[in-house]
Amino acid sequence: MKRLTKSQIWIFAMKLSQSVAMLAFTSLAILGINQDTSSNGIVASEHGLRLVAIAAVAFCLLGAVFLFFYREKNVNDVITRDKKGQKSALEAESKE
């Protein structure tokens, strides 16, 4: 069995998240509409668009919280030391 590389996993995760976001937001947008059977078009409802806006704001705020607590220096330290085969500062602290 072939192992996936980190870049292949990252690309899959990006495509999966984009697909889920598209499915979720389009599903929310059409909530509360009455489908016209004489037409093939589906038009978003006002209620659905408001739900999409609320969900978008919530995900933006969640992303901002994650970025606020993200410590790039610590992550880069762990990556650099892992490549050199050394213990990171975080690992050394946890063992003490």
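How many residues are surrounded by 10 or more Cβ atoms within 10 Å (Cβ to Cβ), part of a helix (DSSP H, G or I) and at pLDDT below 75 if we restrict to the stretch 47-96? Within the stretch 47-96, residues that are surrounded by 10 or more Cβ atoms within 10 Å (Cβ to Cβ), part of a helix (DSSP H, G or I) and at pLDDT below 75 number 5. For the stretch 8-22, filtering for residues that are open to solvent by 70 Å² or more (accessible area, probe 1.4 Å) and either part of a loop (DSSP other than H, G, I, E, B) or not β-branched (Val, Ile, Thr) (or both) leaves 8. Of all residues in the stretch 38-61, those that are free of Cβ contacts under 8 Å to residues at least 24 places away in the same chain have Cβ atoms under 7 Å from Cβ atoms of residues that are open to solvent by 90 Å² or more (accessible area, probe 1.4 Å), 6 or more apart or on another chain, in Ile42/Gln35.
Could you tell me whether Thr37 is at pLDDT 75 or above and more than 20 Å from Ser17 (Cβ to Cβ)? Spelling it out, it is not the case that Thr37 is at pLDDT 75 or above and more than 20 Å from Ser17 (Cβ to Cβ). Checked against (1) at pLDDT 85 or above; (2) part of a loop (DSSP other than H, G, I, E, B), Phe25 meets all criteria but (2).
The values are calculated or read from the model by the stated rules, or taken from the named source; none is laboratory data. Everything quoted here is computed from the prediction, not taken from an experiment. Quick reminder, even Gly has a Cβ in these numbers, built from the backbone with ideal geometry, and neighbours come from all protein chains shown. For accessibility, only protein heavy atoms count, side chains too; no ligands or nucleic acids. Shrake-Rupley method; radii C 1.70, N 1.55, O 1.52, S 1.80 Å.
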